[in-house]
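Taken together, the values in this text are just the output of simple stated rules run on the coordinates, not laboratory data. Worth saying up front: this structure is predicted, and the values here are computed from it rather than measured. Cβ coordinates were reconstructed from backbone atoms using ideal geometry, including for glycine residues, and neighbour counts include every protein chain displayed.
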Amino acid sequence: MIPMPRPSPRLAAAAALALQLGACVSADRTTTGSIAPATVAGRHPIVLADRPRDLDVFVTGTGHLDPRQADDLDAFLLEYRRYGRGVLVVEVPSGSQVPGPAVARTAALLRARTAERGVPAREIVVAPYAVADVAVAAPVRLSFQRMQARVAGECGLWPQDLGVSQPGFSDGNAAYWNLGCATQSNLAAQVADPVDLVRGRQEGRVDSVARTRKIEELRSGKDPSTTWKQDGRASVKTQVTQ
């Protein structure tokens, strides 16, 4: 009988280590990409994108601009001149309950005021639109494209059940997906310049006179802070300039 060679201790140790490492490998692995975002900004990020900006001007009387809508139009045109892309579209309703001459006069006043505010005629496009419901007031609609901040996804989505049908999610005490979406949407809608969400603005001009005066007060041992008296007679401007 031929004796069998005994395995070396090193070979046996290597085989045991390979078995242990193989047991750690599993096809059902959890990767970082499969973990849901835990923060509000991660679930509902604010992005910058071109979107339409519009203003509805309602026809009043026989076709004129009341002071309220005139102010709205001036602010809208100022925004268009600063941030607008492309042309300014003026959509005139067709088939509304308002008489046609009143609508035409309102549209003419809008074009005249637009020209007075520095918008050239080549950037204005007038187009009619059909009124779907004659019982509802149909305004003259102005619109243009501009970069705006918005939430990347939609609000109101509930991919998980907050009840007992998904005990793994309920027992994890994690924030539900829709949490914070409305807050992010409101924040994006209130930002005047969307670029402020990307980077801060440059520092303004330094008041060298006030800075020099405060430094001299520090050197002389005086208190450089502003004294504010709430007596009803002092204002912030008078206190700061002292």
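Computed from label points 7 Å out along Cα-Cβ, the spacing between ILE215 and ALA41 is 3.6 nm. The HN-Hα couplings worked out from phi for the range 123-136 by the Karplus form 6.51 cos²θ - 1.76 cosθ + 1.60 (θ = phi - 60°) are 9, 10, 10, 9, 9, x, 9, 7, 7, 6, 10, 5, 7, 9 Hz, whole numbers, x standing for Gly and Pro. Across the range 50-147 the C-alpha pair distances fall into 5 Å bins from zero in the proportions 3, 14, 25, 26, 18, 10, 4, 0 percent. For LEU157, no residue 5 or more places off, or on another chain, has a built amide H under 5 Å of its own. For TYR129, the residues whose amide H sits under 5 Å from its own are VAL92, SER94, ignoring neighbours fewer than 5 places away on the same chain, with H placed 1.01 Å from N. Panel order for LYS222, LYS214, by other beta carbons found within 10 Å of each beta carbon, from fewest to most: LYS222, LYS214. If you model the range 32-89 as an ellipsoid using its alpha carbon gyration tensor, with each semi-axis the square root of five times an eigenvalue, the axes come out at 40, 14, 10 Å, biggest first. Given their separation in residues at 0.36 nm each and the Cα-Cα distance between them, ASP161 and ASN173 gain 3.1 nm when the chain is fully extended. Using a Förster distance of 22 angstrom, determine the FRET efficiency expected from the C-beta separation of SER225 and ALA189, and round it to 0.05. The value I calculate is 0.05.
Charges were assigned to the Cβ only: +1 to each Lys and Arg, -1 to each Asp and Glu. The resulting dipole of the range 63-161 about its Cα centre is roughly 480 debye.
Restricting attention to the range 50-147, close to 65% of DSSP beta bridges with both partner residues there are antiparallel.
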